[in-house]
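Have a look at the structure below, then the notes.
Just so you know, all these numbers are worked out from the coordinates, no wet-lab data involved. Remember, it's a predicted structure, so these values are computed and weren't measured experimentally. Please note: Cβ atoms are built from the backbone with ideal geometry, for glycine as well, and neighbour counts cover all protein chains shown.
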Amino acid sequence: MRIAIASDHAAHELKALLADWLRGEGHDVADLGTDGAGSVDYPDFGYALAEAVADGRAERGVALCGSGIGISIAVNRNPACRCALVSEPLSAALAREHNDANVIAMGARLTGIDMAKACLTAFLSTDFAGDRHVRRRDKLSNPPHMEISR
């Protein structure tokens, strides 16, 4: 599978470990940075990852930052991406099965290497269930106009 991976400075070590591991599992991995501990802005790397998934250079994405929250928000700004912040394998599998997530986000300050690998294994090995979930998935990228009453 073609996988793009990106992180900010807080997660660059976890990113490097996961990229190597994914290559060892036979995947084609595009490392979109960052490559060091110098402070960077996670939205820049989230946007780059989202673009790689949206334009088809990657089938799946792995987004990492300190908590996973900021970079997941950045990725989800792209309507072609459905990024799920996960911390254990069940949520990673359900993100694929029910939401057809194409990007997984994790926090390097919250998730160790073994748990991150377990989440990725679940994410990459689970298929989208389709059926009743298609309608819901489609609404994630094409929200209906909604008026909010205050």
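Quick one: Thr34, Thr121, fewest Cβ neighbours within 10 Å first, how do they rank? Working shown, then result.
Numbers: Thr34 21, Thr121 15.
With the fewest neighbours first, Thr34, Thr121 line up as Thr121, Thr34.
Can you tell me the dipole magnitude for the chain around its Cα centre, using point charges on the Cβ only (Lys, Arg +1; Asp, Glu -1), in Debye to the nearest 20?
In debye, rounded to 20, the chain gives about 540.
How would you rank Leu90, Leu120, Leu49, going from fewest to most other Cβ atoms within 10 Å of each one's own Cβ?
Fewest-to-most Cβ neighbours within 10 Å comes out as Leu90, Leu120, Leu49.
If each DSSP helix of 4+ residues adds -39,500 (n - 2.57) and the sum is divided by the residues in the chain, what number results at 222 nm, nearest 500 deg cm²/dmol? Display every interim value, and only then the final one.
Numbers: 6 runs with 67 residues, N = 150.
One gets -13500 deg cm²/dmol as the mean residue ellipticity at 222 nm.
Out of these labelled values of log10 I(q)/I(0) by the Debye sum over Cα atoms at q = 0.09, 0.18 Å⁻¹, (i) -0.26, -0.98; (ii) -0.27, -1.20; (iii) -0.37, -1.20, which was calculated from the coordinates shown here?
(i)
Quick one: order Ser72, Ser39, Ser7 by neighbouring beta-carbon count within 10 Å, fewest to most. List each step's numbers first, then the result.
On the way: Ser72 24, Ser39 9, Ser7 32.
Ascending Cβ contact count within 10 Å gives the list Ser39, Ser72, Ser7.
Can you tell me the orientation of helix 132-141 relative to the chain, as the angle in degrees between its alpha-carbon axis and the longest Cα principal axis, to the nearest 10?
70 degrees
Amide H to amide H, which residues 5 or more places from Ala30 or on other chains are under 5 Å from it, using H placed in the peptide plane?
For Ala30, whose amide H was placed from the backbone, the distant partners under 5 Å are Ile3, Ala4, Ile5.
For the charge dipole of the range 2-141, defined by +1 on Lys and Arg C-beta atoms and -1 on Asp and Glu C-beta atoms about the Cα centroid, which residue among His27, Val62, Val86 has the Cα displaced farthest towards the positive pole?
So the residue we want is Val86.
Which whole-Hz ³J(HN,Hα) couplings does the range 115-127 yield from phi under the Karplus relation 6.51 cos²θ - 1.76 cosθ + 1.60, θ = phi - 60°, glycine and proline marked x?
3J(HN,Hα) across the range 115-127, in whole Hz: 5, 4, 5, 5, 5, 5, 4, 5, 4, 7, 9, 9, 8.
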